[in-house]
1. LYS304: which lysines have alpha carbons under 28 Å from its alpha carbon, excluding same-chain residues fewer than 8 sequence positions away?
2. Over what distance in Å are the Cα centres of region 200-262 and region 115-177 separated?
3. In region 237-262, which residues have a backbone nitrogen under 14 Å from the label point lying 7 Å from HIS193's Cα in the Cα-to-Cβ direction?
4. Starting from a Cα-only point model with no solvent, please compute log10 I(q)/I(0) by Debye for the chain at q = 0.16 1/Å.
5. Given the Cα-Cα distance of GLU267 and LYS186 and 0.36 nm per residue of separation, how much length would full extension add, in nm?
6. Under a point spin-label approximation (7 Å from Cα along Cα-to-Cβ), what is the GLU147-ARG49 distance to one decimal in nm?
7. Quick check: net charge around GLY172, other residues with Cβ under 14 Å of its Cβ, Lys/Arg +1 and Asp/Glu -1?
8. Report the full-extension gain for the segment ILE132 to GLN115: residue separation times 0.36 nm, less the Cα-Cα distance, to one decimal in nm.
Amino acid sequence: MLRAVIIGGTGHIGTYLTPYLADAGFDVYCVSRGLREPYQPNSAWRRVRRVEMDRVAEEAAGAFAGKIAGMSPSVVVDLTCFTEESAMALARTLHGRVEHFLHCGSIWVHGHSVQVPTTEDAPRRPFGEYGIRKLAIERALHTEARERRFPATVLHPGHIVGPGWPPLNPAGNFNLGVFETLASGKVLALPNHGMETVHHVHAADVALAFLAAINRSDATIGESFHIVSPAALTLRGYAERMSAEFGHPARLRFLPWEEWRTTVSEEDAAATWDHISHSPNCSIEKAGRVLGYRPHYTSLQAVKESVDWLRDHGRIAVA
Ligand SMILES: NC(=O)c1ccc[n+]([C@@H]2O[C@H](COP(=O)([O-])OP(=O)(O)OC[C@H]3O[C@@H](n4cnc5c(N)ncnc54)[C@H](OP(=O)(O)O)[C@@H]3O)[C@@H](O)[C@H]2O)c1
């Protein structure tokens with residue numbers, strides 16, 4: 001039985017991917033600090049070995065990579081890596097010892113788009129620390145793959161959505177009150193013309209893409225793939241469709257950014273700014289062609305499932 005180690009396997013993606021790996025016949029080791037449980041129950045977790053470890057503390061002690069290698073994995077899925085140093089420490093230790101290493105990146109590696117939908121081969125122009133660091137990791141892993149045959153693959157999800165946590169809303173932030181405003185038929189203000197975009201993906205689709213990449217290691221090593229829904233949404237279109245779901249025509253007004261930002265909290269304004277300044281719109285043509293990736297959820301279907309869950313669990317007051 002092949003062994004898969006999943007680092008950070010109890011979160012959004014891991015809730016789905018960890019049981020999928022177990023069901024696919026892997027002997028699965030799930031590494032996390034043990035602070036949280038997966039969002040959904042699944043009997044496959046009974047076949048998963050939970051390993052409690054704090055990556056940050058273990059890396060500071062210089063022990064993390066050795067402990068992962070010591071689990072003798074064939075496949076490693078790294079969902080909690082945010083610096084090149086961290087990625088390379090693991091890659092160098094695992095070199096020659098694993099058949100496949102998969103890193104979870106982000107579509108934020110792209111920064112400002114030129115031609116949309118953005119393809120994986122578009123020149124990278126990231127801004128903001130997170131995207132810049134994710135690009136440094138992507139480049140370093142692909143260099144390892146090219147020059148030293150390290151078997152790395154990078155998957156770049158969009159805004160991950162699923163039942164159990166707040167989805168990115170039509171104002172480009174995570175304030176659940178935006179859904180309540182739309183559900184009650186009240187006026188929602190959006191920044192600018194509401195034409196900036198967001199690109200969601202359901203966590204289950206991300207997990208299936210990782211599984212497909214593992215199954216097609218021959219074609220995925222040394223490559224990056226966007227993992228997003230079939231199409232991005234404009235904020236305006238997203239608000240209109242959600243209002244329709246709630247049984248109302250949308251009542252929207254539009255304010256220039258500098259004015260709009262004063263109508264929301266600093267936290268919400270910062271989240272919206274981060275999302276609309278990126279305005280992602282990514283292609284899944286390559287993932288479809290190489291991985292056979294066919295997302296089960298559109299952006300709206302994914303968000304609706306999340307909103308229904310939040311409503312059913314008393315986290316949001318929508319009819
Ligand atoms: N969220 C998004 O919308 C989004 C979009 C694009 C890309 N991504 C990428 O997706 C990856 C995150 O995946 P996710 O959203 O599934 O993660 P998540 O929901 O934030 O879960 C994080 C997982 O890592 C574990 N963890 C956190 N800190 C740890 C530590 N110091 N040591 C060991 N385990 C730790 C958590 O469990 P414990 O807390 O119990 O340790 C949990 O299992 C990141 O690489 C991120 O860049 C996310």
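Just so you know, all these numbers are worked out from the coordinates, no wet-lab data involved. Treat the numbers as computed from the prediction; the structure is a model and nothing was measured. Reconstructed Cβ throughout: ideal geometry from the backbone, glycine too, with neighbour counts over all protein chains shown.
1. LYS186, LYS286
2. 13 Å
3. Residues 237, 254-257 fall inside that zone.
4. -1.34
5. Between GLU267 and LYS186, full extension yields an extra 27.0 nm.
6. 3.4 nm
7. That sum, taken over residues with Cβ under 14 Å, equals -2.
8. That works out to 4.1 nm of additional length.
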